[in-house]
Each structure stands twice: as C-alpha cells, then as structure tokens.
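The values are calculated or read from the model by the stated rules, or taken from the named source; none is laboratory data. Quick caveat, the model's predicted, so the values are computed rather than measured. Note: ideal-geometry Cβ built from the backbone for every residue, glycine included; neighbour counts use all protein chains shown.
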Amino acid sequence: MDNTFLLHMVSRLPDQEPLTRQMEAKYRIMQRDALQNHDTGSWLRGKSFYAARLMYEQVLDEEGREKVPEIMTARLDPEGSVQQITMKRPSGGFRLEFEKGKIYATEYPTPAGELDVAVRTTELAGRFTETKFWARIRYEIWLGEEKQGETLLEILGTPRGSREENFR
C-alpha cells in the first residue's frame, strides 16, 4: 500500500484570514510497547499504545521557496482517537506538544536568538485510521508571561488521489 497522503492544514487566528496549506505526507500507524518521557529521557515500558506518524515538508514562506522537514506524531487510544500530538522539526530543534489542558514550554529558534514560548492546549480531538485521518488542535501561544493569541489548527489527511474531502 502506498502510504503517501494528501495533507490539508488550516490555521485560524482571530481577526485574520485562515492560512490553508496542502502538501504530500508519508503516513503510517504503528503499535508501540514503550513510551518515552521527553523531559527525563526515560522509557515507560509494558504499556502498549498506538501512534500515527506523518512526515512532510512545511512551507515557511508564501513563495514556497523555504521548506523544512516536519514530523507529526499522534499518540492514539486503541480506537484511533487522539490523546497527544507532537510536532517537531528535526533540523532546527523545534518541538511542540499538544495534550488537552496541559502547557508545553520550549525555546523557539529565531535569527535574533531563542524565544521562550509556551502553548496551552484547550482543545484536542481527532481520529486516525489506516486510510484517513483528521485532527483539531486549539491552543494559546504565550511569550514569557504574556498571551499572544489563540490558534485553531485543523488537519485532514486522505490517500493521494482520493476524492474524499471530509472525515469525522
């Protein structure tokens, strides 16, 4: 089976037009028997879980010239519903984790230096199957002690060549 999917991402910020992106992604679901705590590096073993992984190139500019590889991993329950989503850029050290009701703090690299950024996930929903997936992430962005705004990210993935445009 070809695991190339068409990935649709829509970011919605208050008082702005939605930012819509479409790209190809490599997609697979796997069963894992260990979960790594990224804060301590230790592994929790003996608890089986499912994960969905997407690998794609994120376009950073309007002309499509600047692209960076990104990996999105979703931790799933046995029915395929989302429990947590991690987005990272392996080349730049950028990483965000989304889990409803939790805050994730990180340093965001910029040309002028690193910024202390935190995201607080207020909504996380989604479903992943072998043939399609969707996710909805609503989160607040904080720089230091100041809330910068709220973003809604909607993601839909269907096999390349599929005519299906909605799945929930």
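Matching residues to (1) surrounded by 11 or more Cβ atoms within 10 Å (Cβ to Cβ); (2) modelled with pLDDT under 85; (3) touching a Phe, Trp or Tyr at 6+ places or on another chain (Cβ under 6 Å); (4) not in a strand (DSSP E or B):
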{"residue": "5", "(1), (2), (3), (4)": "yes, no, yes, no"}
{"residue": "8", "(1), (2), (3), (4)": "yes, no, no, no"}
{"residue": "17", "(1), (2), (3), (4)": "no, no, no, yes"}
{"residue": "21", "(1), (2), (3), (4)": "yes, no, no, no"}
{"residue": "35", "(1), (2), (3), (4)": "yes, yes, no, no"}
{"residue": "47", "(1), (2), (3), (4)": "no, yes, no, no"}
{"residue": "54", "(1), (2), (3), (4)": "yes, no, yes, no"}
{"residue": "105", "(1), (2), (3), (4)": "yes, no, no, no"}
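Just name the residue that is surrounded by the most Cβ atoms within 10 Å (Cβ to Cβ) out of those in the range 133-154 that are of a type outside the set (A, V, I, L, M, F, W, C) and in contact (Cβ under 8 Å) with a residue 40 or more places away in the chain.
Going residue by residue through the range 133-154, those that are of a type outside the set (A, V, I, L, M, F, W, C) are 136, 138-140, 144-151, 154.
Subset that is in contact (Cβ under 8 Å) with a residue 40 or more places away in the chain: 139, 149-151, 154.
Details: 139: 22, 149: 12, 150: 15, 151: 17, 154: 17.
Ranking the candidates gives 139 first.
For the range 68-103, what are the residues that are exposed (fewer than 13 other Cβ atoms within 10 Å of the Cβ) and within 18 Å of residue 52 (Cβ to Cβ)?
Selection gives 77, 78, 79, 90.
Give the residues of the range 120-132 that are assigned to a strand (DSSP E or B) and in contact (Cβ under 8 Å) with a residue 60 or more places away in the chain, sorted by residue number.
We begin by selecting, within the range 120-132, every residue assigned to a strand (DSSP E or B); these are 120-128.
Answer for the range 120-132, where residues must be assigned to a strand (DSSP E or B) and in contact (Cβ under 8 Å) with a residue 60 or more places away in the chain: just 128.
What are the residues in the range 110-167 that are of a type in the set (S, T, N, Q), at pLDDT 85 or above and closer than 18 Å to residue 18 by Cα, if any?
Pass one, the range 110-167, residues of a type in the set (S, T, N, Q): 110, 121-122, 129, 131, 148, 151, 158, 162, 166.
Keeping just the survivors that are at pLDDT 85 or above gives 121-122, 129, 131, 148, 151, 158.
Matches in the range 110-167: 148, 151.
Residue check, residue 136 against (1) more than 18 Å from residue 51 (Cα to Cα); (2) assigned to a strand (DSSP E or B); (3) not β-branched (Val, Ile, Thr), all met but one. Which one?
With (1) more than 18 Å from residue 51 (Cα to Cα); (2) assigned to a strand (DSSP E or B); (3) not β-branched (Val, Ile, Thr) applied to residue 136, the lone miss is (1).
Taking the stated definitions as given, is residue 118 buried (at least 17 other Cβ atoms within 10 Å of the Cβ), out of contact with any Gly (no Cβ under 6 Å at 6 or more places or on another chain) and small (Gly, Ala, Ser)? Give the steps one after another, and end with the answer.
Working: buried (at least 17 other Cβ atoms within 10 Å of the Cβ): yes; out of contact with any Gly (no Cβ under 6 Å at 6 or more places or on another chain): yes; small (Gly, Ala, Ser): yes.
The answer is yes for residue 118.
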